[in-house]
2 protein chains.
Amino acid sequence: MPIDLTTDAAARDQLLEPGGDGPLVRRTILPGGVRLLTETDRSVRSATLGLWLPVGSRDETPAHAGSTHALEHLLFKGTARRSALDIATAFDEVGGESNAVTAKEHTVYHGRVRSADLPLALDVLTDMVTSSQLAPEALETEREVILEELAMAQDDPTDSGYEEFLAQVLGPDTPMGRPVGGTLETVSALTDADVRAHFAAHYRPQNLVVTAVGDLDHDELAGRLADRLAAGGWDLPEGVAPSERRPALERSLPAAGATPGPASAVVPHRIVRPLEQTHIYLGGPSICASSEDRHTMNVLMAILGGGMSSRLFQHIREERGLVYTVYSFSAAYRDAGLFGMYAACRPARAEQVVELMGAEIEQMRDHGVTDEEMRRALGQITGALALGLEDTASRMGRLGSLELVQGRYSTVDEALEKMAGVTAQDVRDLAARLAGSFTTRVDVGPEAG
Amino acid sequence: MPIDLTTDAAARDQLLEPGGDGPLVRRTILPGGVRLLTETDRSVRSATLGLWLPVGSRDETPAHAGSTHALEHLLFKGTARRSALDIATAFDEVGGESNAVTAKEHTVYHGRVRSADLPLALDVLTDMVTSSQLAPEALETEREVILEELAMAQDDPTDSGYEEFLAQVLGPDTPMGRPVGGTLETVSALTDADVRAHFAAHYRPQNLVVTAVGDLDHDELAGRLADRLAAGGWDLPEGVAPSERRPALERSLPAAGATPGPASAVVPHRIVRPLEQTHIYLGGPSICASSEDRHTMNVLMAILGGGMSSRLFQHIREERGLVYTVYSFSAAYRDAGLFGMYAACRPARAEQVVELMGAEIEQMRDHGVTDEEMRRALGQITGALALGLEDTASRMGRLGSLELVQGRYSTVDEALEKMAGVTAQDVRDLAARLAGSFTTRVDVGPEAG
């Protein structure tokens, strides 16, 4: 049974998985309401650490769009104790990796190091999160770096196509639909005060979730974490509960503007670029992260476009040679979600490829999926999960996502059981919903011929 | 001491690392001259397998350019025993990963699966390599897929920029300088006979190198491999030596056309594209894969542009905010090699960025590097190697590269010892050579303003 990651006092220490032959997973609420989740794995000599804040671009006002991402950049630019070069050197000189990601609903700072260097990694990342200098001149330099980053994304047809697809499906000019990094205009206009206000409002003990996986001791890490946060000047009173930010009640299909309908009724948004290929995103809104249908969605996505044996790959690439890349995808947020298909092909083939993609969903609605496909999909998901979780970074991400997005802990075996419970009829029913849920097509490529 | 991977009868079985507390690495020459190298790692529940052929685009005639890559694609299209869907399904249904890479000097087919599925992975990959159908109609469909792949690479400014950089440094219209996948023209003209000839000439027991890392038993795998190759119809007489393809004598700087000189003297090749950023590759020829200077090159690259604390990153991104991405790189082949720097920035900044990149090499030539930088670089290389080798796929690749490129086995510790022996003076001397070795600059972006 999934374990509720509740916040009452009795839940201060939770043994989420007992260790022994299987994983050892623990969760502790530290003073100040800081949450720590770890998985100890003594078969590796390294650890991956993540510091998560449940704050993303959806928490921005339109005028401050891009401030979450700008803040993430500024945290690397120096603290009371460390220059930007010190921060860069700390990970580089031990051969570690560190980076950060800003998303719509969260920001995470992470690092991977050999186990002996875990205290160092913790010290640097906590220093950044508690004691960033946020110097005005650092913002001026970093603004230019961010504008280069936006220009790079703009030049990439898959980046800009997917960003536009998200905007159209989730609602242009809404908190969810706006681009994560802001725009040339909003980033150019960002002030020091915007970034500082964002930091003051959100970078607080009750918001912080720390997840770590690898060759580590939970109690030792908990002690060091409390010590480093206190050293960074954070007030950490006993008995404070973490801030709650649980998934909203399930909404089946959020209203995003366009009226959902069949794939053939969708009017393409065109981003004109003189490219050899047209990049196509086709899809619409769908289930949110807490929906019980997410297991069905995983199975459907595996069958539709999840691998070389999937329907999209076989019918559009292998049989017809129309594309090099084709796949399906889904994404889920607290109260919104989406599904889609992607393909890239030479422009003259775009309409044929779009027709074939739409037809695959309708085919699944009308005729369902075979038992053989169900068996293969389950094998694929099971094996891929086992292989994926050999990597400590994937497991660190899984812990963060269970805590921040699901609000409940479930073991990998429990997730697989849910997947095994999905029936062919469930997949067909979901396909029927998706077949009528198309709202958006984005083409990035030359003018339609 | 590195172990010579010689081919005489006495070397039929070599224990390359003894196991115990450290890695267990073995090499066996099977009947027919097939080579098998494995590392057994019982801490994981998976294995990565690679089948290598020492054949790449440099082995093609100009008229058949792209045939190595086309053959790689065709091997997935069916064998005597399996359809294309069977091959796709075999890996998908166990959640495994499989793919192939064609390069200038080798082709590799690889897969990663849970350990229980290793016999299956071996069966599928050996079937592909021995018994491909190479049906003419498969070539017709796959030709279209390859043309889409070329169009995709063409649209990517870093792919097309790097390809042009390689061509210019290694010599346009030479076997090494030609693009790996061929061109629109050569791929369109490829015939069934070209691809079959390539297969017949190169896919032979004496050329095959199999490397595998993970939860496996060397002797069991050796037995299965011999069995599967025989089942595929390969003739495997005892006592045959592997084909030799050892690195040529070291050449310091291959003549590639343009006269080497300082960075400032290089005339840019321009690929005009209406992009927000200009992507710049700047560099020239350098040491080949067997050169003893490769350890010095690794240290130099770490200091120049290998991480967030490197000179290029600090001076061009952190201090001046001119770029989002900047780094240095090197590549080495049997008898050629190259070094370079990459940056992307808005077009008006391109000349300033190029000047700064060139100045960094000259700075290193004129003033050398600090002891602190030497210490950091060694820490970075050591840590990154330890972290990188936690992944069975990296180690599988390392075994293949030692066998095919170096022709000698050395342990990770031996490689690190070599690196530790590099002095600041070595780095400065190499910087002095590089500072006078620039031949090529490729800009992908809008017309120069």
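The values are calculated or read from the model by the stated rules, or taken from the named source; none is laboratory data. This structure is a prediction, so every number in the text was calculated from the model and none was measured. Quick reminder, even Gly has a Cβ in these numbers, built from the backbone with ideal geometry, and neighbours come from all protein chains shown. Accessible surface is based on the protein model in full, side chains and every heavy atom, while ligands, DNA and RNA are left aside. Shrake-Rupley method; radii C 1.70, N 1.55, O 1.52, S 1.80 Å.
Can we say A:R428 is at pLDDT 90 or above, basic (K, R) and closer than 25 Å to A:T102 by Cβ? Walk me through it before giving the result.
Numbers: at pLDDT 90 or above: yes; basic (K, R): yes; closer than 25 Å to A:T102 by Cβ: no.
Considered against the rule, which asks whether it is at pLDDT 90 or above, basic (K, R) and closer than 25 Å to A:T102 by Cβ, A:R428 comes out as no.
I'd like the residue in the range A:38-92 that is among the aromatic types (F, W, Y) and part of a helix (DSSP H, G or I) and, out of all such residues, is least open to solvent (accessible area, probe 1.4 Å). The residue in question is A:F91. Take the conditions (1) within 14 Å of another protein chain (Cβ to nearest Cβ); (2) out of contact with any Asp or Glu (no Cβ under 9 Å at 6 or more places or on another chain); (3) open to solvent by less than 60 Å² (accessible area, probe 1.4 Å); (4) acidic (D, E); B:D156 misses just one of them, which is (2). Under the condition of being more than 14 Å from chain A (Cβ to nearest Cβ), among the charged types (D, E, K, R) and without any contact (Cβ under 8 Å) to a residue 40 or more places away in the chain, the residues counted in the range B:12-48 number 2. Close Cβ contacts (under 7 Å, 6 or more residues apart or on different chains) running from residues in the range B:217-229 that are part of a helix (DSSP H, G or I) to residues that are open to solvent by 40 Å² or more (accessible area, probe 1.4 Å) comprise B:H218/B:R26; B:R224/B:P119.
Scan B:M419, B:M396, B:M374 and give me the residue that is within 12 Å of chain A (Cβ to nearest Cβ) and closer than 24 Å to B:D335 by Cα.
Working: B:M396 fails: within 12 Å of chain A (Cβ to nearest Cβ); B:M374 fails: closer than 24 Å to B:D335 by Cα.
So the residue among B:M419, B:M396, B:M374 that is within 12 Å of chain A (Cβ to nearest Cβ) and closer than 24 Å to B:D335 by Cα is B:M419.
Is at least one residue of the range B:339-347 in contact with a helix residue (DSSP H, G or I) (Cβ under 8 Å, 6 or more places away or on another chain), more than 29 Å from B:L5 (Cβ to Cβ), outside any helix (DSSP H, G or I) and open to solvent by 50 Å² or more (accessible area, probe 1.4 Å)? Yes, because at least one residue in the range B:339-347 is in contact with a helix residue (DSSP H, G or I) (Cβ under 8 Å, 6 or more places away or on another chain), more than 29 Å from B:L5 (Cβ to Cβ), outside any helix (DSSP H, G or I) and open to solvent by 50 Å² or more (accessible area, probe 1.4 Å).
Which residues, counting only those in the range A:281-315, are facing chain B (nearest Cβ under 10 Å) and outside any loop (DSSP other than H, G, I, E, B)? Step through it out loud before you land on a result.
Start the filter on the range A:281-315 by keeping residues that are facing chain B (nearest Cβ under 10 Å), which leaves A:302, A:306-310, A:313-314.
Result: A:A302, A:F313, A:Q314.
None of B:A90, B:A80 is within 12 Å of chain A (Cβ to nearest Cβ) and either more than 14 Å from B:R196 (Cα to Cα) or in contact with a Phe, Trp or Tyr (Cβ under 9 Å, 6 or more places away or on another chain) (or both) except B:A90. Taken together, the residues in the range A:197-231 that are buried (at least 17 other Cβ atoms within 10 Å of the Cβ) and touching a strand residue (DSSP E or B) at 6+ places or on another chain (Cβ under 8 Å) amount to 17. Within the range B:93-129, the set of residues being crowded, with 21+ Cβ neighbours inside 10 Å, among the hydroxyl-bearing types (S, T, Y) and part of a helix (DSSP H, G or I) comprises just one member, B:T126.
Taking the range A:304-321 as the range and being open to solvent by 10 Å² or more (accessible area, probe 1.4 Å) and among the hydrophobic types (A, V, I, L, M, F, W, C) as the test, the residues that pass are A:M308, A:F313. Any idea how many residues of the range B:393-449 are in a loop (DSSP other than H, G, I, E, B) and in contact with a strand residue (DSSP E or B) (Cβ under 8 Å, 6 or more places away or on another chain)? Going through the range B:393-449 one residue at a time, the tally reaches 9.
Restricting the range B:389-412 to residues that are free of Cβ contacts under 8 Å to residues at least 40 places away in the same chain and of a type in the set (D, E) leaves a set whose member that is surrounded by the fewest Cβ atoms within 10 Å (Cβ to Cβ) is B:D391.
Condition check: away from every other protein chain (no Cβ under 12 Å) and buried (at least 20 other Cβ atoms within 10 Å of the Cβ). Does A:E164 satisfy that? Talk me through it step by step, then tell me what you get.
Numbers: away from every other protein chain (no Cβ under 12 Å): yes; buried (at least 20 other Cβ atoms within 10 Å of the Cβ): yes.
Yes.
In the set B:D173, B:D194, only one residue is open to solvent by 40 Å² or more (accessible area, probe 1.4 Å) and either at pLDDT below 95 or assigned to a helix (DSSP H, G or I) (or both); that residue is B:D173. Filtered by the rule that a residue be among the small types (G, A, S) and without any contact (Cβ under 8 Å) to a residue 60 or more places away in the chain, the range A:76-90 gives A:A80, A:S83, A:A84, A:A88, A:A90.
On the basis of being within 12 Å of chain A (Cβ to nearest Cβ), in a helix (DSSP H, G or I) and open to solvent by 50 Å² or more (accessible area, probe 1.4 Å), does B:E149 make the cut? Walk me through it before giving the result.
Numbers: within 12 Å of chain A (Cβ to nearest Cβ): yes; in a helix (DSSP H, G or I): yes; open to solvent by 50 Å² or more (accessible area, probe 1.4 Å): no.
No; evaluated as a whole, the condition is false for this residue.
Among the residues of the range A:352-385, which ones are under 16 Å from B:E148 (Cβ atoms) and open to solvent by 30 Å² or more (accessible area, probe 1.4 Å)? Those that are under 16 Å from B:E148 (Cβ atoms) and open to solvent by 30 Å² or more (accessible area, probe 1.4 Å): A:Q352, A:L356.
Every residue, every condition in (1) within 14 Å of another protein chain (Cβ to nearest Cβ); (2) in contact (Cβ under 8 Å) with a residue 60 or more places away in the chain; (3) among the hydrophobic types (A, V, I, L, M, F, W, C), yes or no:
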residue: A:G111; (1), (2), (3): yes, yes, no
residue: A:L120; (1), (2), (3): yes, no, yes
residue: A:L170; (1), (2), (3): no, yes, yes
residue: A:G177; (1), (2), (3): no, yes, no
residue: A:R196; (1), (2), (3): no, yes, no
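Any residue at all in the range A:345-364 that is within 24 Å of the chain's Cα centre (by Cα) and on the phi < 0 side of the Ramachandran plot? Break it down into steps so the answer makes sense when it comes.
Our first condition is that a residue be within 24 Å of the chain's Cα centre (by Cα); within the range A:345-364, this holds for none.
Looking for residues that are within 24 Å of the chain's Cα centre (by Cα) and on the phi < 0 side of the Ramachandran plot, one finds none in the range A:345-364, hence no.
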